[in-house]
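Worksheet for the structure shown next.
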Amino acid sequence: MSLEQQMLTALVVDFPFEWNYIRSIVRVSLYVSLTAVALSTLLSLPVALLVGFKEFRGKTLLTSIINTGMGFPSVVVGLVVLFAVSNQGPLGSFDLVFTTEAMILSQIVLAAPVITGVSLAAVSSVEQNVRDAAYAMGGTNLDVALVTIKEARYGIATAVLAGFGRAISEVGSVLIVGGNIASSDGTSVTRTITTAIQLEARQGRFETAMILGAILVVLVLLVNAIVVRLGSGGGRYG
Amino acid sequence: MTIQRREFLSVLGGGVAVGLAGCTGADDSDGPEISGETLTLTTTTSTYDTGLLDELNAPFEDRYGVTVDAVAQGTGAALRTARDGDSDVVMVHARSLEDEFMEEGYGVNRRDLMFNDFVIVGESDDPADVEGEDDAAAAFEAIAEAEATFVSRGDESGTHTKELEIWDETGLTVEEFGEWYLDGGGGMGETLNTANLDGGYTLVDRGTFLDMRDEIDLELLVEGPVEGGSEMLMNPYGIVAVNPAVHDNVNYDLAMAYIGYITSLEGQEIIEEYRSNDEQLFFAEALSEDPNFRQYLPEGWERSSDD
Amino acid sequence: MTLEAIDVHHSYGYETVFEGVSLSVTPGEVVAIIGPSGVGKSTLLRLLALFDAPDDGAIVYDDDPVWEVSDQRRLEYRRRIGMVFQDASLFDASVRRNAEYGLRVRQSWRERLRHELGGLVGKENGTGAAVDALETVGLREQAEQDASSLSGGEAQRVAFARALAYDPDVLLLDEPTSDLDPRNTAVLEDAVLEARDRDIGVVIATHDMHQAERIADRVGVLLGDEIIEVGPTERVFEDPVDDRTRKFISGELIY
């Protein structure tokens with residue numbers, strides 16, 4: 001048993017399956033948020049590049065959707081996604097209510113505008129002459145896009161980070177579409193750190209809530225460090 | 001259902017999601033038989049937060065090799081979720097709403113499950129002087145008279161429904177109440193905390209109150225029927241399966257197996273013996289040697305449809 | 001490869017830039033385009049590099065009008081061109097990675113991915129041609145430095161190496177030395193002559209007439225919206241046909 005496990009166990013001795021419980025919650029949280037952020041990033045970067053460098057009809061509209069989306073309340077997103085995935089909704093046949101997939105879906109809706117918006121600012125600041133150089137050296141449009149992403153990597157890392165921060169710390173939408181389910185043996189099914197904190201606080205188990213809160217803060221700091229590290233690893237020369 | 005979910009995953013973006021899917025573990029095992037299926041139960045925060053459901057569900061899951069996903073919502077939300085076909089079985093405590101649910105065709109095979117009672121709690125100085133009152137309506141009237149702070153759930157939960165029934169009994173109109181009548185706007189725990197902080201009265205189910213008593217300064221002032229108090233404070237729980245003729249996607253077989261289990265000798269014994277802080281929270285009600293037809297039908301049903 | 005602009009007309013918005021411009025460069029030849037700043041030397045080079053299609057007229061590579069061939073074919077033509085801009089426009093990466101860029105984009109995705117992943121774990125497998133190109137501009141020792149740590153002159157020399165590394169048929173140089181000190185200018189001019197000796201055709205846009213005299217085999221004078229005179233360097237400078245050329249060279253014509 002590692003030191004942190006021992007510390008945690010010492011804190012929660014009155015609750016025998018607490019450690020498993022907390023670990024499974026963290027796992028679900030990370031699975032949902034990381035998947036959502038990964039998919040959002042794949043979705044957001046092309047959009048950011050498109051908006052940043054191409055002229056097309058509806059660009060202004062798309063930009064304002066992105067800007068609005070950055071501040072969209074998570075409970076509203078949860079509600080909309082619930083209607084979409086509900087048995088009565090357009091995605092009803094997929095049976096997604098109260099599943100991690102539905103939670104991923106709603107977090108994509110939450111994180112994608114943030115990642116797009118911040119990435120847009122980052123790629124827009126890449127100088128045109130660097131893009132021209134990539135083209136003139138024989139690069140295709142895809143190569144130019146890749147160079148742009150590489151040049152903007154710190155900004156994009158920040159964008160991904162901001163998206164992750166929004167995803168992992170939001171409580172409204174995952175509660176609504178996920179249902180905050182844990183199985184009877186104390187393993188999380190759709191319970192995330194945030195919804196667990198809310199539940200534990202409601203039940204007056206503030207100690208557990210505090211532990212989960214601490215884990216959430218540590219997690220965000222940790223992922224922050226990893227992303228910054230990755231960013232500077234790719235940019236050893238910059 | 002499982003297969004459709006997988007399809008969706010690959011639609012959603014393939015590699016990443018599938019690659020990580022192993023992390024969730026729980027609900028994706030294959031198999032043609034009943035084992036591996038998931039029963040979605042929507043219920044109220046009061047049954048969930050007391051920990052009773054975990055005790056009840058574990059033996060059921062073991063016996064059938066299934067998973068019970070219990071979603072704790074208010075009674076109104078639990079019924080709404082079931083109405084949309086997003087859950088298979090509902091366990092709630094508001095008879096009038098359950099009746100409505102059945103009358104509209106969404107629910108079938110209702111059973112009485114268990115009961116406990118509500119109590120009225122408040123600060124020990126008791127400004128409306130309701131301590132020991134054996135009529136809940138009279139106690140409410142006194143609170144309204146004194147315009148002492150009262151915190152309502154305000155969320156269409158079973159507790160809120162009960163509270164409104166009692167106000168109804170007093171003949172007072174909730175909409176006309178002044179600033180002393182607060183809307184807690186949340187679960188039972190939050191409402192208790194609000195009442196605790198604002199020094200107000202509130203209606204609470206005995207289970208949640210006993211569970212949280214150590215963390216708050218509120219006193220039990222008006223007893224419910226479990227301790228020989230006001231009959232009006234009776235808090236009966238029912239369980240209803242979602243009608244498979246209305247929603248063909250629901251897991252009706254498993255829902256009925258669950259209802260069968262929970263109203264069986266074994267299930268009722270678990271309910272009867274469940275203790276939190278050495279207090280009995282729920283009283284089994286499903287087993288009865290005498291006929292109890294009322295539990296299957298909306299109240300007053302025989303009078304309203306005599307054709 | 002011979003690269004030609006034939007009777008090119010071009011405009012930006014309502015502003016006409018060129019009205020019937022023709023120019024060609026053959027292998028092993030240095031052609032200088034001189035003319036006052038703002039006259040459209042860069043625009044001409046960008047048209048030759050296929051950034052944009054001209055409004056009218058043709059850009060011809062080896063007798064093939066490039067805007068009439070398939071996209072794939074045009075990409076192949078485009079990849080026989082190297083270009084250096086007035087500012088170095090280096091990527092935020094090491095000197096060597098900059099020099100390698102043109103070679104990378106010509107590789108398969110599998111090779112490129114392997115290279116990127118190797119780079120992440122700190123394993124670098126350098127390519128000979130990029131190192132040789134750095135050697136040409138005297139920066140082989142600086143290969144592992146950050147491009148951002150270089151002086152302006154060194155950066156421009158890396159940009160030249162970047163364009164040279166994949167052995168293009170034609171080099172297009174857009175005012176490459178206008179921001180450089182004499183020493184770096186000399187290094188670049190030597191590199192241009194070395195490229196010529198390797199049978200690369202060079203088009204250099206410059207407002208420095210002495211530079212044109214030093215390195216160009218032929219000179220084209222761009223004035224207004226046309227090339228008023230093209231000819232062997234010596235003849236253009238000593239015995240211009242067009243009176244405006246004489247005035248421009250002697251400094252009487254100020255724009």
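Values quoted throughout were computed directly from the atomic coordinates according to the rules given, and no laboratory measurement underlies them. Because the structure is predicted, anything quoted here is derived from the model rather than measured. Positions of Cβ are generated from backbone atoms using ideal geometry, with glycine treated the same way; all protein chains shown enter the neighbour counts.
At an R0 of 51 angstrom, the distance between the Cβ atoms of B:Glu165 and B:Asp62 translates into a FRET efficiency of 0.85. Legend: translational diffusion of the range C:98-255 by Stokes-Einstein, Rh = Kirkwood radius over C-alpha pairs, 10 °C, 1.306 mPa s; D = 90 µm²/s. Peptide B:65-71 has a mean shielding of 5, counted as Cβ atoms of other protein chains within 10 Å of each residue's Cβ.
Classify chain A as rounded, prolate or oblate, taking a ≥ b ≥ c as the square roots of the eigenvalues of its Cα gyration tensor: rounded when a/c is under 1.5, otherwise prolate if a/b is larger than b/c and oblate if not.
In terms of gyration-tensor shape, oblate.
Between A:Ser125 and C:Arg110, how many nm apart are label points set 7 Å from Cα along the C-beta direction? The answer from the label model is 3.9 nm.
How large is log10 of I(q)/I(0) for chain B at q = 0.09, 0.11, 0.15 Å⁻¹ when the intensity is taken from the Debye formula with one equal scatterer per alpha-carbon? Ignoring solvent entirely, the Cα scatterers give -0.50, -0.73, -1.18.
Determine the dipole magnitude for the range C:91-167: charges of +1 sit on the beta-carbon of Lys and Arg, -1 on that of Asp and Glu, nothing else is charged, the reference point is the Cα centre, and the result goes in debye to the nearest 20.
Dipole of the range C:91-167, to the nearest 20 debye: 320 debye.
Here the simple spin-label model places points 7 Å from the Cα toward Cβ, and for B:Glu131 and A:Lys54 these points are separated by 7.5 nm. Cut-off 10 angstrom, C-alpha nodes, Gaussian network model of chain C. Which of C:Leu120, C:Leu134, C:Leu45 fluctuates the most? Checking each option, the largest mean-square fluctuation is seen for C:Leu120. Can you work out the PRE-style zone for A:Asn67? Point 7 Å along Cα to Cβ, and I want the residues of the range A:22-51 with backbone N under 17 Å. The answer is A:48, A:51, whose backbone nitrogens lie closer than 17 Å to the label point.
For the pair the range B:102-172 and the range B:238-307, the centres of their Cα atoms are 23 angstrom apart.
Compute the whole-percent fraction of alpha carbon pairs in the range B:117-234 spaced more than 17 Å apart. Of all Cα-Cα pairs in the range B:117-234, 48 percent lie more than 17 Å apart. Counting Lys and Arg as +1 and Asp and Glu as -1 over every other residue whose Cβ lies under 9 Å from the Cβ of C:Gln156, the net charge comes to -2.
How many angstrom lie between the C-alpha centres of the range C:155-204 and the range A:85-157? Answer, in whole Å: 38. For a paramagnetic label modelled on C:Arg198 (point 7 Å from Cα along Cα→Cβ), amide N atoms under 12 Å away belong, within the range C:160-179, to C:160-171. Scalar couplings 3J(HN,Hα) for the range A:96-108, obtained by applying the Karplus form with A = 6.51, B = -1.76, C = 1.60 to θ = phi - 60°, are 9, 4, 6, 10, 5, 4, 5, 5, 4, 4, 5, 6, 5 Hz; x denotes Gly and Pro.
Cβ-Cβ distance of B:Glu103 and A:Asp185, R₀ of 45 Å, FRET efficiency by 1/(1 + (r/R0)^6): the value works out to about 0.75. Across all C-alpha atoms in the range C:91-167, the radius of gyration and Dmax reach 11.8, 35 Å. For the pair B:Glu289 and B:Glu272 in one chain, pulling the backbone fully straight at 0.36 nm per residue adds 4.4 nm over the alpha carbon distance. Among the residues of B:75-87, the average count of other protein chain beta-carbon atoms within 10 Å of the residue beta-carbon is 3.
Peptide C:82-94 has a mean of 5 when you count, residue by residue, the C-beta atoms of other protein chains within 10 Å of its C-beta.
The value obtained for the protein assembly as shown, namely the Cα convex hull volume divided by the number of residues, is 232 Å³ per residue. Using R₀ = 30 Å, calculate the FRET efficiency as 1/(1 + (r/R₀)^6) where r is the Cβ-Cβ separation of C:Arg140 and C:Ser70; round to 0.05. Between C:Arg140 and C:Ser70 the formula returns 0.20.
When Lys and Arg each count +1 and Asp and Glu each count -1, what net charge do the other residues less than 14 Å away from C:Glu189, Cβ to Cβ, add up to? Mind dumping the intermediate values first?
Values: positive: C:Arg157, C:Arg183, C:Arg196, C:Arg214; negative: C:Glu175, C:Asp181, C:Asp190, C:Glu194, C:Asp197, C:Asp208, C:Glu213, C:Asp217.
Here the charged neighbours net out to -4.
Percent of alpha carbon pairs in the range A:7-143 separated by more than 24 Å? Everything past 24 Å amounts to 51 percent.
Among the trypsin sites (Lys or Arg not before Pro) found in the range B:131-226, not one is both in a DSSP coil and sparsely packed, with 11 or fewer other Cβ atoms within 10 Å of its Cβ. Using a ≥ b ≥ c from the Cα gyration tensor of the range A:120-236 (square roots of the eigenvalues), is it rounded, prolate or oblate, where a/c under 1.5 gives rounded and otherwise the larger of a/b and b/c decides, a/b for prolate? Prolate, since a/c reaches 1.5 and a/b exceeds b/c.
With each label modelled as a point 7 angstrom along the Cα→C-beta vector, the B:Ala146-C:Arg214 pair spans 10.0 nm.
Summarising the overall dimensions of the range B:130-180 from its C-alpha atoms, the Rg and Dmax are 10.6, 28 angstrom.
Cross-link partners among aspartates and glutamates for A:Lys54, C-alpha distance below 19 Å, same-chain residues fewer than 8 apart left out? Straight-line reach from A:Lys54, under 19 Å: A:Glu127, A:Asp132, A:Asp143, A:Glu151, C:Asp52. Remark: the range C:135-141, residue by residue, has Karplus-estimated 3J(HN,Hα) of 4, 4, 9, x, 10, 4, 5 Hz, where x stands for each Gly or Pro and the curve is 6.51 cos²θ - 1.76 cosθ + 1.60 at θ = phi - 60°.
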